[in-house]
1. Looking only at region 159-180, decide whether some residue is under 20 Å from residue 110 (Cβ atoms) and not assigned by TED's automatic domain parsing to the domain that holds residue 313.
2. Does any residue of region 215-224 turn out to be at pLDDT below 95, buried (at least 23 other Cβ atoms within 10 Å of the Cβ) and in the same structural domain as residue 330 (by TED's automatic domain parsing)?
3. Could you please tell me which pairs satisfy a Cβ distance under 6 Å, a separation of 6+ or placement on different chains, a first residue in region 109-130 that is in contact (Cβ under 8 Å) with a residue 40 or more places away in the chain, and a second residue that is part of a loop (DSSP other than H, G, I, E, B)?
4. Please note which helices (runs of 4 or more DSSP H) are completely contained in region 234-313 and include at least 3 residues that are out of contact with any helix residue (DSSP H, G or I) (no Cβ under 8 Å at 6 or more places or on another chain) and in contact (Cβ under 8 Å) with a residue 12 or more places away in the chain.
5. Quick one: is residue 185 buried (at least 18 other Cβ atoms within 10 Å of the Cβ) and in a loop (DSSP other than H, G, I, E, B)?
6. Within region 48-60, can you find the residues that are closer than 19 Å to residue 275 by Cα and surrounded by fewer than 20 Cβ atoms within 10 Å (Cβ to Cβ)?
7. Can residue 121 be described as modelled with pLDDT of 95 or more, assigned to a strand (DSSP E or B) and more than 30 Å from residue 276 (Cβ to Cβ)?
8. For residue 327, state whether it is surrounded by 21 or more Cβ atoms within 10 Å (Cβ to Cβ), within 14 Å of the chain's Cα centre (by Cα) and in a strand (DSSP E or B).
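The values are calculated or read from the model by the stated rules, or taken from the named source; none is laboratory data. None of these values were measured; they are calculated from a predicted model. In this analysis, Cβ positions are derived from the backbone assuming ideal geometry, glycine residues included, and neighbour counts consider all displayed protein chains.
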């Protein structure tokens with residue numbers, strides 16, 4: 001049965017946002033020196049200038065866990081929203097890289113924030129997880145809850161080994177050493193326009209990968225698995241280059257159709273953040289007349305579930321009452337289209 005893939009959102013608002021990036025930014029020169037990768041190759045092939053790691057680049061020692069980053073981002077979002085921890089009715093966390101299978105990172109973050117006696121959910125997802133978490137938040141708000149916390153983040157310490165030289169890596173794995181970074185982001189969502197008062201006018205969350213090979217595969221056990229034929233972290237970059245720009249265009253037009261907005265009514269565009277190079281190509285292909293681009297991947301690296309939240313956090317200071325924004329999110333793991341239509345409300 002065919003189902004609608006973009007839906008007008010019932011009352012859902014973003015009241016506060018925040019992001020957390022660990023340690024100092026790591027340049028292409030520093031990264032290339034450790035892994036024996038050409039700085040020029042990184043600039044040309046990926047187009048990302050810096051990224052942040054929660055582990056020490058020289059030793060691999062973990063300095064910031066996913067729980068650390070998510071709790072930091074969540075606490076800041078709560079402060080920005082005007083809500084107190086006691087006023088939250090739920091917490092939803094999305095990640096590809098939980099600190100452990102159990103206890104969930106979501107419950108660990110709730111504990112850090114002093115939350116208790118409320119529902120806590122964890123979603124296993126890639127880049128689209130941020131929208132999936134907001135979709136769950138929307139359902140919880142629609143069921144009668146007043147406000148909740150939605151968090152997303154990812155870390156790379158399980159998958160990037162500083163002891164491995166670039167010469168030992170196939171290209172499909174080598175790209176991951178320059179593509180990804182660590183980080184977390186969060187948003188407080190509410191039933192009424194409070195705090196930042198950004199209305200979610202439409203939300204798209206649609207699996208489209210039936211019968212299609214994955215564009216990205218992540219092995220939970222990473223390099224600990226000794227099977228030489230088992231890939232740690234694999235990108236089909238050719239499939240991603242071919243598929244993602246097309247999917248981004250489809251998301252754009254589905255959101256416009258759902259909201260009834262025209263392209264010239266869009267003030268801000270939050271494009272998919274796979275890499276600096278890919279983001280530039282997507283924006284060029286969309287050919288929108290004039291929205292301002294809100295991107296972060298060239299500075300943060302691909303932080304997975306954190307990325308849409310980091311973009312939202314960068315968008316918030318720019319919005320004025322009546323401004324409209326579209327956020328486009330593509331997950332290439334098994335081809336998921338996701339997106340948001342946002343509007344700043346006038347609460348004066």
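1. So the first thing to find is which residues in region 159-180 are under 20 Å from residue 110 (Cβ atoms), and the list is none.
No, because not a single residue in region 159-180 is under 20 Å from residue 110 (Cβ atoms) and not assigned by TED's automatic domain parsing to the domain that holds residue 313.
2. Of the residues in region 215-224, the ones at pLDDT below 95 are 215-224.
If we keep only those that are buried (at least 23 other Cβ atoms within 10 Å of the Cβ) as well, we get 215.
Restricting the remaining residues to those that are in the same structural domain as residue 330 (by TED's automatic domain parsing) gives 215.
Yes, because at least one residue in region 215-224 is at pLDDT below 95, buried (at least 23 other Cβ atoms within 10 Å of the Cβ) and in the same structural domain as residue 330 (by TED's automatic domain parsing).
3. Pairs found: 126/96; 126/333.
4. On the way: elements: 237-259, 276-286, 297-300.
Hits in region 234-313: 237-259.
5. Details: buried (at least 18 other Cβ atoms within 10 Å of the Cβ): yes; in a loop (DSSP other than H, G, I, E, B): no.
Considered against the rule, which asks whether it is buried (at least 18 other Cβ atoms within 10 Å of the Cβ) and in a loop (DSSP other than H, G, I, E, B), residue 185 comes out as no.
6. Of all residues in region 48-60, those closer than 19 Å to residue 275 by Cα come to 48-53.
49, 50 - these are the residues of region 48-60 that are closer than 19 Å to residue 275 by Cα and surrounded by fewer than 20 Cβ atoms within 10 Å (Cβ to Cβ).
7. Details: modelled with pLDDT of 95 or more: yes; assigned to a strand (DSSP E or B): yes; more than 30 Å from residue 276 (Cβ to Cβ): yes.
Spelling it out, residue 121 is indeed modelled with pLDDT of 95 or more, assigned to a strand (DSSP E or B) and more than 30 Å from residue 276 (Cβ to Cβ).
8. Working: surrounded by 21 or more Cβ atoms within 10 Å (Cβ to Cβ): yes; within 14 Å of the chain's Cα centre (by Cα): yes; in a strand (DSSP E or B): yes.
Yes; evaluated as a whole, the condition is true for this residue.
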